[in-house]
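The block underneath contains the structure these notes are about, expressed in structure tokens.
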Amino acid sequence: MDSIAVVATLVVGIVLIGVAIILLALKNATGKMRIALLLMGTSFIGFLIFAVLHNVFYAIGVGASNLGVVGDLEPHLVTDVEKALVVIANSMEVLHTICFIIAVPICPLVFVAGGVWSLVLKERKRRQVDGR
């Protein structure tokens, strides 16, 4: 199996699992359990979205910085287009860093927190039903 097929399979799997968790939350859960499951589902899909945005912003930033090499020119020879390319490259640097931070540490932590929270709520409900 080539790498494109593996990546496509993983992307489809992530989206399907995330959507399934969100639908489960919306149809079957109420109150705090709904919030916990929605956190899990949205963070699962959010990981994919922010990972893709990180790569898109990084590519745009690299492209913009490669188009306008300002460092080698005298200050009076720098055009407005080159100044704009520097602003775009710097803006993309900030955006791709923010998306990376959201995708890699924050989304998995929110997913785990939602999962733990939903298990705690499930156990509390089970204990109430059992009368413990």
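The values are calculated or read from the model by the stated rules, or taken from the named source; none is laboratory data. Just so we're clear, the structure is a prediction, and the values are computed from it rather than from any experiment. Note that we place each Cβ from the backbone using ideal geometry, even for glycine, and neighbour counts take in every protein chain shown.
Remark: pairs (first residue in the stretch 113-124, more than 10 Å from Leu37 (Cα to Cα); second residue of a type in the set (A, V, I, L, M); Cβ separation under 6 Å; 6+ apart in sequence or on different chains) = Leu121/Met33. May I ask you to verify whether Gly18 is in a helix (DSSP H, G or I), under 14 Å from Leu95 (Cβ atoms), at pLDDT below 95 and in contact with a helix residue (DSSP H, G or I) (Cβ under 6 Å, 6 or more places away or on another chain)? Taking the combined requirement at face value, the residue does not satisfy it. When Leu109 is tested against the conditions (1) farther than 16 Å from Leu38 by Cβ; (2) at pLDDT 90 or above, the lone failure is (1). Scanning the stretch 29-62 for residues that are surrounded by fewer than 13 Cβ atoms within 10 Å (Cβ to Cβ) and either at pLDDT below 80 or more than 21 Å from the chain's Cα centre (by Cα) (or both) gives Thr30, Gly31.
Here is a list: Ser65, Ser91. Which entry is at pLDDT below 85 and in a helix (DSSP H, G or I)?
Working: Ser91 fails: at pLDDT below 85.
After applying the criteria, what remains is Ser65.
The C-beta contact set for the stretch 29-54 (first residue assigned to a helix (DSSP H, G or I), second residue of a type in the set (Phe, Trp, Tyr), distance under 6 angstrom, 6+ apart or interchain) comprises Ala36/Trp117; Met40/Phe111; Ser43/Phe111; Phe44/Phe111; His54/Phe100. Within the stretch 1-20, track down each residue that is surrounded by fewer than 10 Cβ atoms within 10 Å (Cβ to Cβ) and among the β-branched types (Val, Ile, Thr). Matches in the stretch 1-20: Ile4 only.
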